[in-house]
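The values are calculated or read from the model by the stated rules, or taken from the named source; none is laboratory data. Everything numeric in this text was worked out from a predicted model, so none of it was measured. Cβ placement follows ideal geometry from the backbone for every residue including glycine, while neighbour counts extend to all protein chains displayed.
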């Protein structure tokens, strides 16, 4: 999940009908996809009665809702969000990161004390940012606001964390696949999630850059906007490959891994 | 039980070879690293794959004769101990990621 400046707030502040106006298309695509992915994981969790898929489902649902609602003022014919709606969507966003943090810890570091500490730190940062936004009637996404930085850390750290854990797991899984202990499809899913973490981290950095550029440099804003949109679309693309892999992709993974392990599932 | 599996494996392997405790544990750690496995989060199935495919070579490199037989004997004993203790395999990230893909 990437938190970025509310497009409505941005446009309202800057009064620019520039390329950001088209950013709602990216938000619509990303939001819709996250909702579909969430529904799929929710169905899976109801079948398996396991927590990891449920955590991921809630996280995707919160992300999807955030994109669909926070950017709605940019949809043709839609009105700006009320302060209450701004606060509510910020809390949906903030609370949505919690299950993601718990997912990472549960899957990769269930016994680790430092992982638990990181979950707490990120959680506190998110809540602190949420409280500040509530107090002010919406999050001030500018670099001068220390609470923005605090909240930013709360959602940027999990993006870095999932990327690192998935990359490490990919390395181990590749070795396990060689002796038949890991299916090629699973190995590939680790790699995809590592890329997802990478794109999300990049997008978070672009969001920070954007907050920094609260001044006059339009070129930087346009660059940050394009980078954010590109990273989000790339993230959605990676998740699509992870959760809805087309037959041709599965076949490609199977062919690439032929001879080093069992066939991928699905 | 999961954390103890490494210790049990090392102990049984030590009995089946002429290597001392330190050598056995070091060799086992190297084999597990080559297999991409965490000594603190092992399952019997994972250990079996390592003992069948990697460990014999590692032991032969350290001068153990009949390494395949030693590994087979040790693995049978490990599986027996694991069964008696009623241990179930811990859920690994691989299991979760397999599920997430619908597998």
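So which residues in the range B:78-103 are more than 14 Å from chain A (Cβ to nearest Cβ) and modelled with pLDDT under 80, if there are any at all? Within the range B:78-103, B:82, B:83, B:84, B:85, B:86, B:87, B:88 qualify. When A:182, A:198, A:231, A:204 are checked against the criterion of being assigned to a loop (DSSP other than H, G, I, E, B) and buried (at least 18 other Cβ atoms within 10 Å of the Cβ), a single residue qualifies: A:182.
Annotation note: of A:46, A:55, the sole residue that is farther than 15 Å from residue B:96 by Cβ and within 14 Å of another protein chain (Cβ to nearest Cβ) is A:46. Residues of the range A:169-197 that are more than 7 Å from chain B (Cβ to nearest Cβ) and touching a residue at least 60 places away in the same chain (Cβ under 8 Å): A:177, A:178, A:184, A:187, A:188. A single entry from A:91, A:114, A:120 fulfils the requirement of being in a helix (DSSP H, G or I) and either under 23 Å from residue A:64 (Cα atoms) or modelled with pLDDT under 90 (or both): A:91. Looking across the range A:73-88 at every residue that is free of Cβ contacts under 8 Å to residues at least 12 places away in the same chain and assigned to a helix (DSSP H, G or I), the one that is farthest from residue A:29 (Cα to Cα) is identified as A:84. Candidates A:150, A:222, A:236, A:142: the one that is more than 29 Å from residue B:54 (Cβ to Cβ) and under 16 Å from the mean Cα position of the chain (by Cα) is A:236.
Each residue in the range A:46-72 was checked for being part of a helix (DSSP H, G or I) and buried (at least 20 other Cβ atoms within 10 Å of the Cβ), and 16 of them qualify.
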